[in-house]
Amino acid sequence: FLETAAYFCMKPKMGEKEVSPHSFFSIWHEFSSDFKDFWKKENKLILQERVKEAEEVCRQKKGKSLYNIRPKHDSGIVSKNHSYS
């Protein structure tokens, strides 16, 4: 634990000889909570951008029809029965 606290340059509080786990983890908890909140906000923004891009691609594809729709021709048994009636 002390090596980890030294790695993050933690200094003991006034009147303490060593960094206590409570002081270290209270700061770490605050940092990780803030990081999680920012992470969620950033992911939400990225998702919104991707949705907008996907909607734009869909609009462009609708504008350019990649296939032609032909009218249905009467053929087969049903059309032959109707023509004799």
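The values are calculated or read from the model by the stated rules, or taken from the named source; none is laboratory data. The structure presented is a predicted model; accordingly, all values stated were derived computationally and were not measured. As a convention, Cβ positions derive from the backbone with ideal geometry for all residues, glycine included, and neighbour counts pool all protein chains shown. To get the accessible areas, we keep the full protein, side chains included, count just its heavy atoms, and leave off ligands, DNA and RNA. Shrake-Rupley method; radii C 1.70, N 1.55, O 1.52, S 1.80 Å.
Each residue in segment 5-19 was checked for being touching a residue at least 12 places away in the same chain (Cβ under 8 Å) and hydroxyl-bearing (Ser, Thr, Tyr), and 0 of them qualify. A search for C-beta distances below 9 Å between a residue of segment 20-33 that is modelled with pLDDT of 85 or more and any residue that is loosely packed, with under 11 Cβ neighbours inside 10 Å and acidic (Asp, Glu), counting only pairs 6+ apart in sequence or on different chains, returns 23/16. Only one entry of 11, 44 meets the criterion of being at negative phi, open to solvent by 100 Å² or more (accessible area, probe 1.4 Å), modelled with pLDDT under 90 and of a type in the set (D, E, K, R), and that entry is 11. Any residue in segment 57-67 that is modelled with pLDDT under 75 and open to solvent by less than 100 Å² (accessible area, probe 1.4 Å)? Yes, there is a match, as at least one residue in segment 57-67 is modelled with pLDDT under 75 and open to solvent by less than 100 Å² (accessible area, probe 1.4 Å).
Each residue in segment 15-41 was checked for being open to solvent by 100 Å² or more (accessible area, probe 1.4 Å) and polar (S, T, N, Q), and 0 pass.
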